[in-house]
Amino acid sequence: MTTLSLMATRTWSRLPRRHVPVLATLLLLLVLYGVGVSQYRAFSNIQVIFNVFIDNGFLLVVAVGMTFVILTGGIDLSVGSVVAMTAMVSAFLLREGLPAALVLVIALLIGPTLGFLMGCVIHFFDIQPFIVTLAGMFFARGMCTFISGSSIPISDGFWTRMSQQRIGNPSGNFVSISVIIAFAVVAVAAYTLAYTRLGRNVYAIGGNPQSGLLMGLPVGRTRIAVYTISGLCAAIGGILLSFYTLSGAPLIAVGMELDVIAAVVIGGTVLTGGSGYVFGTVLGVLVLGVIQTLITFDGSLNSWWTKIVIGGLLFAFILLQRLIGIRYK
Amino acid sequence: MTGSHPVLTMTGISKSFPGVRALDNVDFRLFPGEVHALMGENGAGKSTLIKVLTGVYGTDRGIVTLDGEQVSFAGPMQATAAGVSTVYQEVNLCTNLSVAENIFIGREPRRLGAVRWGEMRRRARALLARLDLDIDVNAQLGSYSLAVQQMVAIARAIDIQARVLVLDEPTSSLDAGEVAQLFRVMRQLRDDGIAILFVTHFLDQVYGIADRITVLRNGQLVGEYATSELPQLSLVEKMIGKELRVLERLDEQPRRDPADGAAGTPLLDVRELGRRSAVAPFSLTIHEGEVVGLAGLLGSGRTEVARLLFGADRADHGSVRVNGSPTSLRTPVAAIGHGIGFCSENRRAEGIVTELSVRENIILALQAARGWLRPLPRRRQDELVERYVRALSIRPADPEIPVGNLSGGNQQKVLLARWLITEPRLLILDEPTRGIDIGAKTEIQRLVAELSDGGMAVLFVSAELEEVLRLSHKIAVMRDREMVAQLTNDQDVDADRIMQSIAAGAGHEGVPS
Amino acid sequence: MSNRTAGDRALTRHRLFWPVVVLVVLLAANTAYRPSFLSVQMRDGHLYGSLIDILRLSAPLILVALGMTLVIATGGIDLSVGSLCAISGAIACLYISRQPDQNSLGGVLTALALGLGVALVLGAWNGVLVAVIGIQPIIATLILMVAGRGLAQLITEGQILTINSDPYKAIGVGHLLTLPLAIFVALAAALLIAAVTRRTALGLIIESVGGNAQASRLAGIRSARITFLVYVISAACAAVAGFMITANVSSADGNAAGLWVELDAILAVVIGGTSLAGGRFSLSGTILGALLIQTLTTTVYAMNISPQTSLLFKAVVVIAVCLIQAPGFRARFARRRAPASAPAPVTEQPKEQVPA
C-alpha cells in the first residue's frame, strides 16, 4: 500500500524533457537546411555541409570541451585566447625551426596546463570560474602579443600537408583532416561522458556539487579535470585553426568564447549544469555554421547579421529551456 | 541484542571550533545489530560527532576504532569504503541523474573502465525490491517525492555493504506511513547485523525503534542508556538539563478557552480556496484574537494552506473576504496590505537574509511595505529593534551582527520580530518551533498566547499535536491535501481525537461547505 | 591574542586593504620609473598630469562598474554593458552626423536623449528577461552581449562613424573648473547612485534581494521590480559611458567601442569587495577597483609595453587580488604562517562577507 502511495507522488511524465532542447535544435537545423536548399540551388550540394564542418571543425572541438565545463555548472572564458595562443606558439616555434612533432607536443601541453591551473585555483581557493577563466583569457591573449605583435605565417611541411590534405570520394566531395580529428574528439568525449566514471561525475557535480561531495565523489578532481579537458580541447582547436589558416595571429579568435557558449546552449546544454549532450553541441555548432553559410550565400546580408541571429537563437533556446522547466537548482 | 564487542567505539573525542568547544571528551559505542539513538538539543554536538565519525572533520583529541582497529577517515569516501555509510536529513543525491545512477555513482559496475548500464539497472532493481520500493530505476530522481529520494539514499547506503549505517534525521521530511516503512527497513537491517546510529528529534520514534540511547549536552556526554530503562521524562530532562521547569509551567497553563475566539465578522473568511495539485478547496474563518491550529501529517497540505492564505502561492479557486469585504490574496504584497504576516517553515531559505544584520532583518517587512522611497528613519529603526530584541530576548542582543551568526531559535525570533513590528492582524506561523531548542520553543508558544490575548489572530501550523492543542481555539485538520475537519478545541478534543480525524478522513463536526 | 595584533589583523583583513596596497604599489612603481608621474601642471587653465589622466580615463569604467555593482548586488550580472556602450554611442553619433550643424547644442542633447532612450529600452529588455521571465542573468544578458555588437554595427553600417561636434566632444575631453568634465560626470553619477541607494531603502532592499530572493519576496519586497530597476540603471550608466568613449575619439566604432568593458567592470566590482553571489555591495570599493584597473593600464602604456600585453599584467592583478580576498586562500596562507593560532582562519570566513 505504501508502495502505491509512493508511486502516486511521481509528478513528471515519463518522456524525458531534457531531450526536448536537442530535438528542437535538430528540427531547427533541418529547417535552416531546408530553407537553404529551397532558396539556393548550390546549397543542396553535399559539399556545402562538408564545408560547414571544414570551416567550423576547430569551433566544434572547443565547444566539446566547453560542454564538459558547462555540464559541471562552470564556464570557461579563456578558450578563445587559448586557441589563439596555441596557434601563436606553434607558428613561433616552427619559425624557430623546431621539429613539427615536438611543436605539436608543446602546443598541446600549454592549453591543458593552463586549464589545470585554472581548475586548481577554482577548486582550492573557491573563486568563481567566471573570474578565474577571465584572468586566464587575459593571460593567454597577453601571451599572444608578447610572442609577437603581428601574424606569423607557417610554412612547415607537416602543417601544409595537414592543411591541404583532402579526404574525399571520386565525385569530388571532400573533408579536411581537421574534420576527422574533430569527429574523433566528439566520439571520445561522448564515450567519456556516457560510459566513464569521470563523465558520470561531471553530470553529478553539475546536478548538485554538495551531494557529490557527500556521496564521496571526487568533486575537486572532476572539476579540475573539466577545465583541463577544456584547455586540451582549446589547444586541439588551436592546432586545427593553425592548419586552417597556416599562421598564428595574436588577435585571431577574439570573442570566440561567446560563439562556443552559444553553440553549447543552442545544443541544449543547460547553463546551470547537469543536463546536456555532446551530440547536442555538434548540432549547435552546425546551426551556427549553417547560418553563416546562409548569410554568405545571400550576399546582401552583412556579417553582423550573424551576431544578431545568434543572439536571437540564444534567446529562443533559453526561453525554450525555461518553458519546459529544466531547472535542477 | 548486543554482541560482546562493539563494532565502533569513539573514546575521548574532543573537537573545538573557534570560540566553541563542540565536543569535549565524548565517548560513544555502537554494537552490531542495534539501533542506537543519538539525542541532544541543538548545539549538543550530535552533528559534530557524526561528522567526526564520517571523516568530514578531523578530531583534536580522541580515538575512533572500527572492529577494534584504530581508524581515522580522511573523508566520507574513506569512511564509506570502511563500511560506515551516512544518510543525511536533506537528501544528498543528484536529482538530475537516474535512480539507478544515484544508487551506484562512484562505484558503478564496470568492465574495462566502461560503466555497465544494464548491470547497474538490474542491481538497482534488486536492491529497491529489498526495500519494497517499486519505482522506475531509469527515471530521473527529481521526478520522485522526497520520501522516495530518501529511500533511494538508504538503498545507496546499504549497498555499500555498510556495517555501520548513520541516519541523520532521515524522518524529518517523511509522513507517518513512510516512517513506518523506513522503520521496517531499519529493523530488517538491524536483524542482518548492521549497527544503526539514528538521529531524530521525535521522541516517539526513539521509543519506537531504538535499543539504546546516548545523550549529549553542550558537547559533553550525559550518558548511555538502554531505551527500556529510560522513561521519556528523564530523557527530556537529560537532554535539556534543566529540570523541565519551563515545560511544566507551560503545561500548567489552562487550555485556551474556545469561547474567546469566534465572534462577530471574521477577520479572514475564505470559501473554497484551493490550488490544483497543491491543496483541495477548503473554507476557513479566522476571527480577531483567535488562534487557529492547523494539524496534519507532513505533506498533508498544511504548508500549502498557509502559503495560499499569504499569497505566497496563488490560489486558482475560491474567494476571500477580509473583514467582510471581498478581495484576493494573489501575492505576499497583497496579503501584507491586509495586515497578514507569514513566517515560513523554511527559516534559512525563505526567512532570514543571513548576511544582513539583525536590525536589517527585523525592519525588512516594514520597510518593504513602506516602499524603498520612504526609508524608515534610523532612530525609529533602532527604537523598534531594541524593543523587540529585548521583548523576545534575542541573543546575542547586538542588533548589528549578521543574523546568520545566531542560533536557529534566535533566528526564528528575529523573523517573529520582523512581522510583529508591522503590527499584523493575522500572523501565519508555519512550524515556528521546529528544529529549535526547548527553551526558545516555550518562549515562542507563550508569545503566541500573549499575542492572541492582545487581539491578534494567529494561524498556527505545527507537526506537534500537543502544541496545537495547547494553543488553539480551533483546530483545522489536514489529510492528503484536504481539510478534513475543523474542531472547536473543547474538553472533548485531544490528540487521539485529532489522530482519528486524520485517520478517518471525515470531520466529526462537519466541514462547512 | 594581544590587542595590537588584533588591530593589525582587522586592518589587513579589511576588504579594501589589499586593493589599496596594490594601487599604492602601482603608483609608487610609476613614480620610481618616471619621477614626474605624480606632478600635476596647470596649462591653459586646465590641470594636466598622469594622475588627472588616470581619473579622466577611468570615468567610463567607473560609470559602467557602478551600474554593475547594483546588478551584482542583486545576485545578477550584466554582460551586455559593452554592447550597450557601443549602441548608445553609435546612435548618438549617427544622429549628430545627420544634423546640418553638428555643433548645435540642441542637436547633441537630442542625440544623447536618443542614445540614452534606446539604452533604457535595452536595459528594460534585460530586466524583463531576468525579473519577469526568470532567466539566469548571465545567460539573459549574454543574448544582448552577442546580438548588441551586431546591432551597433548595423547602426554604423559596419563603418567607423566620424563626427565633428564640439559639444559632443566635450563629454569626453572637455574641462570644467580646471578638471576634465568626465571626472565630474563620473563623480556626479557616483554621488547620485550613492544617494539613491543609501539615502533611501533601495540599497537595503537590493542587498536583501541579492542575499535571499525567496525570503525577500515573502517579506513583501517586490523583488521583480527591484531587479528590473537595476538592469535599467546599469544600462543608463553604460549609455553615458558609451557617450564618453565615443566622444573621446569623436567617432563611433560598433565593433570596438566598449569592448571588454563588461569584464573590466565586473573585475572592478569584485576587487571592490562585492561578492558575485550578491548581497552586500560597496560603491566606494567599486570606484577603487576601477581606478586600480585604469592605473594598471596607464602604467603599462607609460612603460611602453604593448597594450595587448597589458592583459598579462591584468591577469596577474586579477588573480592576485582575488586570491588575497578569497577566504580559502587566506585560510591556507594563515595556517602555514601561524599554525599555532589555528582558530583564526575559520572564524574570519563569515565575517569576510560583510563589509564594515
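Note that the range C:223-236 has calculated 3J(HN,Hα) couplings of 3, 4, 4, 5, 4, 4, 4, 5, 5, 5, 4, 4, 5, 4 Hz, one per residue in order, obtained from phi through the Karplus relation 6.51 cos²θ - 1.76 cosθ + 1.60 (θ = phi - 60°); glycine and proline are x. By the Kirkwood approach, averaging reciprocal distances over each pair of separate Cα atoms, the range B:8-242 gets a hydrodynamic radius of 18.4 Å. Note on B:Glu383 and A:Leu320: the model spin-label points, each 7 Å out from Cα along the C-beta direction, lie 5.9 nm apart. Taking 7 Å steps out from each Cα toward its Cβ at C:Val20 and C:Ile305 produces label points 2.6 nm apart. Direction-averaged projected area, Cα convex hull, the range B:343-409: 4.6 nm², rounded to one decimal. Annotation: Cα Rg of the range A:17-323 relative to the compact-globule expectation 2.2 N^0.38 Å equals 0.99.
Summed over qualifying helices (DSSP H, 4 residues or more, each -39500 (n - 2.57)) and divided by its residue number, chain C shows a 222 nm mean residue ellipticity of -22500 deg cm²/dmol. For B:Ala37, nonlocal amide neighbours, meaning residues 5 or more places apart or on other chains whose placed amide H falls under 5 Å from its own, are B:Phe198, B:Asp211, B:Arg212, B:Ile213, B:Thr214. Under 15 Å from a label point 7 Å along Cα→Cβ of A:Phe183: give me every residue in the range A:37-52 with its amide N that close. Correct set: A:46-52.
A run of chain B free of exposed loop cleavage sites, with GluC sites (Glu not before Pro) counted only in DSSP states other than H, G, I, E and B and at most 12 other beta carbons within 10 Å, reaches its longest extent at B:1-242. Globularity index of the range A:101-255 is 1.23 (Cα radius of gyration / 2.2 N^0.38 Å, N = number of residues). Phi angles across the range B:389-398 convert, under the Karplus curve 6.51 cos²θ - 1.76 cosθ + 1.60 with θ = phi - 60°, into 3J(HN,Hα) values of 4, 6, 4, 9, 6, 6, 10, x, 7, 8 Hz, Gly and Pro given as x.
The simple Förster model, with R0 at 56 Å and r as the Cβ-Cβ distance, assigns B:His5 and A:Asp126 a FRET efficiency of 0.85.
Remark on the range C:124-261: Rg and Dmax equal 18.0, 54 Å (Cα only). For chain B, the spread of Cα positions along the three principal axes, ordered from largest to smallest, is 71, 50, 48 Å.
Given only helices, namely DSSP H runs of n ≥ 4 each adding -39500 (n - 2.57), what is the per-residue ellipticity at 222 nm of chain A, to the nearest 500 deg cm²/dmol?
Computed mean residue ellipticity for chain A: -24500 deg cm²/dmol.
Could you give the C-alpha radius of gyration of the range C:124-197 expressed as a fraction of 2.2 N^0.38 Å, taking N as the number of residues it contains?
After normalising by residue count via 2.2 N^0.38 Å, the value is 1.57.
Fraction of C-alpha pairs exceeding 64 angstrom in the protein assembly as shown: 13 percent, rounded to a whole number. FRET efficiency for the A:Ser38 to C:Ala113 pair, using the beta carbon distance and R₀ = 35 Å, is estimated at 0.20. Quick one: Cα centre-to-centre distance for the range C:48-86 and the range B:27-61, in angstrom? Comparing the Cα centres of the range C:48-86 and the range B:27-61, I get a distance of 52 Å. Within the accessible surface of the range B:8-242, defined with a 1.4 Å probe on protein heavy atoms only, the carbon and sulfur portion equals 47 percent.
Residues whose amide H falls under 5 Å from that of C:His175, counting only those 5 or more places apart or on a different chain, are C:Leu181, with hydrogens built in the peptide plane. Available extension along the chain between A:Leu301 and A:Gln165 is 45.8 nm, counting 0.36 nm per residue and deducting the alpha carbon span. The angle between the Cα long axis of helix C:3-13 and the main principal axis of chain C comes to about 30°, on a 0 to 90 degree scale. Rounded to the nearest 0.05, what FRET efficiency do C:Ile133 and B:Arg314 give with R0 = 25 Å and r taken as the Cβ-Cβ distance? Could you check? Working from the Cβ atoms, E equals 0.90. The modelled label-to-label distance between C:Gln159 and B:Arg390, using points 7 Å beyond Cα along the C-beta direction, is 7.5 nm. Close amide-amide hydrogen proximity is noted between B:Gly45 and B:Gly219, each under 5 Å apart and 5 or more residues distant or on a separate chain (H modeled in the peptide plane; Pro and chain starts excluded). Listed cross-link partners B:Lys15/B:Lys441; A:Lys307/C:Lys169; B:Lys413/B:Lys441; B:Lys413/B:Lys474 are compared with a 21 Å cut-off, the Cα-Cα value being larger for B:Lys15/B:Lys441; A:Lys307/C:Lys169; B:Lys413/B:Lys474. In order along the range C:66-71, the Karplus-derived 3J(HN,Hα) couplings, from 6.51 cos²θ - 1.76 cosθ + 1.60 at θ = phi - 60°, round to 5, x, 4, 4, 5, 4 Hz, and Gly and Pro are given as x.
Under the convention that each Lys and Arg Cβ holds +1 and each Asp and Glu Cβ holds -1, the size of the dipole of chain A around its Cα centre is about 920 debye.
Could you work out the helix-only [θ] at 222 nm for chain B, with each DSSP H run of four or more residues adding -39,500 (n - 2.57) and the total divided by the number of residues, to the nearest 500 deg cm²/dmol?
Working: 18 runs with 180 residues, N = 513.
Here the helix-only value at 222 nm equals -10500 deg cm²/dmol.
When all alpha carbon pairs of chain C are counted in 10 Å bins from zero, the resulting P(r) reads 5, 23, 31, 25, 12, 3, 1, 0 %.
The values are calculated or read from the model by the stated rules, or taken from the named source; none is laboratory data. Values in this document were obtained by computation on a predicted structure and should not be read as measured data. Because the Cβ atoms are built from the backbone with ideal geometry, glycine has one as well, and the counts that use them run over all protein chains shown. Protein only, heavy atoms only, side chains kept; ligands, DNA and RNA dropped before computing areas. Shrake-Rupley method; radii C 1.70, N 1.55, O 1.52, S 1.80 Å.
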